[in-house]
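Written below as structure tokens is the structure these notes are about.
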Amino acid sequence: MNNLEFFVLGSGSSGNCSLLRVNGNWVMIDCGFSMKQTKERMRTHGVQLEQIQDVVLTHLDRDHFNPVWCRSFLLRGIRVHIHESHVPRAIRAGLDASCICAFKNQLELHGADVEAVHFAHDVLGTIGFIFNTSSTRFGFATDLGRVPQNLLDRFVNLDGIALESNYDSTMQEMSNRPESLKSRIMDGEGHLSNEQSLAAICHIASKSDLQHIVLLHLSRQCNSPQIIRDLYQDNLAHLYKSVTITCQDRCSRLLSIANNVESTA
Ligand SMILES: [Zn+2]
């Protein structure tokens, strides 16, 4: 089976976790929730924690890596795939070195080639992934702050993509957040606005055959699914039905990504 299956357990500043089924094996992308919440949400689509042998991390901010998992990863012998530049921080956070599989530009998971793309973002940067089975190619990127050229160069020929769409610019400007927080989010070190994310998706869609567009990390205070729906209807109408908007509090639907085959929801 070369298809990929994917769902988001939840995404936002209070926690991020997704599951991707690669050649029949479930892989966790980020682990920002408690164990209890994670197990409960996994059950939505019939997945058990015992089925997870690999975790890949985009970066180690608390909403993507909850240190409560460190002991469990060690006891269960779960491999945690971390970019080499993030390893010291992971160890400081309490992750045992024996759990860590460090990578630089590429890793292999259950027969799939996974390209790792390092994006400049705060001190250590964040990692985007492109998962390749023999027939299917899926990109994942979040917490970017800006759309770097290497994302546009590398995220091509995709069958599906998950990308952050954090805030509506007007809601952000009008919010009662401190100016320092607003500028930290919007100055290229924080998150992508809906407009920035859409522009990237439009570019990627022109070089891909996207079956699924999954939007991640929506701000609770400064975004709304309806604004995003309107934006896509107005600007990318032919792909509107492919868009899945994730939220913080519940699982997304289960998406099946197959090359040149109609997907099932
Ligand atoms: Zn985050």
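The values are calculated or read from the model by the stated rules, or taken from the named source; none is laboratory data. This one's a predicted model, so the numbers in the text were calculated from it and none came from an experiment. Using ideal geometry, Cβ is built from the backbone for each residue, glycine included, and neighbour counts are taken over all protein chains shown. With ligands, DNA and RNA removed, areas are computed over all heavy atoms of the protein, side chains included. Shrake-Rupley method; radii C 1.70, N 1.55, O 1.52, S 1.80 Å.
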Please specify each residue of the range 208-237 satisfying the condition of being more than 16 Å from the ligand (Cβ to nearest atom) and open to solvent by less than 20 Å² (accessible area, probe 1.4 Å).
210, 212, 213, 228, 232, 236
If residue 36 meets every condition in (1) open to solvent by 10 Å² or more (accessible area, probe 1.4 Å); (2) within 27 Å of residue 154 (Cα to Cα); (3) out of contact with any Ser or Thr (no Cβ under 8 Å at 6 or more places or on another chain) apart from one, which number is that one?
(2)
Determine whether the range 175-190 contains at least one residue that is open to solvent by 20 Å² or more (accessible area, probe 1.4 Å), modelled with pLDDT under 95 and more than 27 Å from residue 14 (Cα to Cα).
no
Within the range 114-169, work out how many residues are under 15 Å from the mean Cα position of the chain (by Cα) and either part of a helix (DSSP H, G or I) or of a type in the set (Ser, Thr, Tyr) (or both).
4
Would you confirm whether or not the range 61-81 contains a residue that is within 16 Å of the ligand (Cβ to nearest atom), under 19 Å from residue 144 (Cα atoms) and in contact with a helix residue (DSSP H, G or I) (Cβ under 9 Å, 6 or more places away or on another chain)?
yes
Filter the range 160-176 for residues that are in contact with a Leu (Cβ under 7 Å, 6 or more places away or on another chain) and away from the ligand (no atom under 16 Å from the Cβ) and give the result.
160, 161
Check the range 27-49 and report whether any residue there is in a strand (DSSP E or B), within 19 Å of residue 132 (Cβ to Cβ) and more than 15 Å from the ligand (Cβ to nearest atom).
yes
Being assigned to a loop (DSSP other than H, G, I, E, B) and either open to solvent by 10 Å² or more (accessible area, probe 1.4 Å) or among the acidic types (Asp, Glu) (or both) is the filter here, so list the residues in the range 1-15 that pass it.
1, 2, 3, 13, 14
Filtering the range 147-165 for residues that are open to solvent by 10 Å² or more (accessible area, probe 1.4 Å) and in contact with a helix residue (DSSP H, G or I) (Cβ under 9 Å, 6 or more places away or on another chain) leaves a count of 3
On the given criteria, is residue 169 touching a helix residue (DSSP H, G or I) at 6+ places or on another chain (Cβ under 9 Å) and buried (at least 21 other Cβ atoms within 10 Å of the Cβ)?
no
Filter result (farther than 25 Å from residue 113 by Cα and buried (at least 22 other Cβ atoms within 10 Å of the Cβ)) within the range 42-59:
none
Which one is nearest to the ligand (Cβ to nearest atom), of the residues in the range 191-206 that are in a helix (DSSP H, G or I), open to solvent by 10 Å² or more (accessible area, probe 1.4 Å) and under 23 Å from residue 226 (Cβ atoms)?
196
What number goes with the only condition from (1) touching a strand residue (DSSP E or B) at 6+ places or on another chain (Cβ under 6 Å); (2) over 17 Å from residue 110 (Cα atoms); (3) not in a helix (DSSP H, G or I); (4) not acidic (Asp, Glu) that residue 69 does not pass?
(3)
Among the candidates 124, 109, residue that is more than 19 Å from residue 204 (Cα to Cα) and open to solvent by less than 10 Å² (accessible area, probe 1.4 Å):
109
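For the range 210-251, which residues satisfy the criterion of being part of a loop (DSSP other than H, G, I, E, B) and under 17 Å from residue 158 (Cα atoms)?
210, 211, 236 - these are the residues of the range 210-251 that are part of a loop (DSSP other than H, G, I, E, B) and under 17 Å from residue 158 (Cα atoms).
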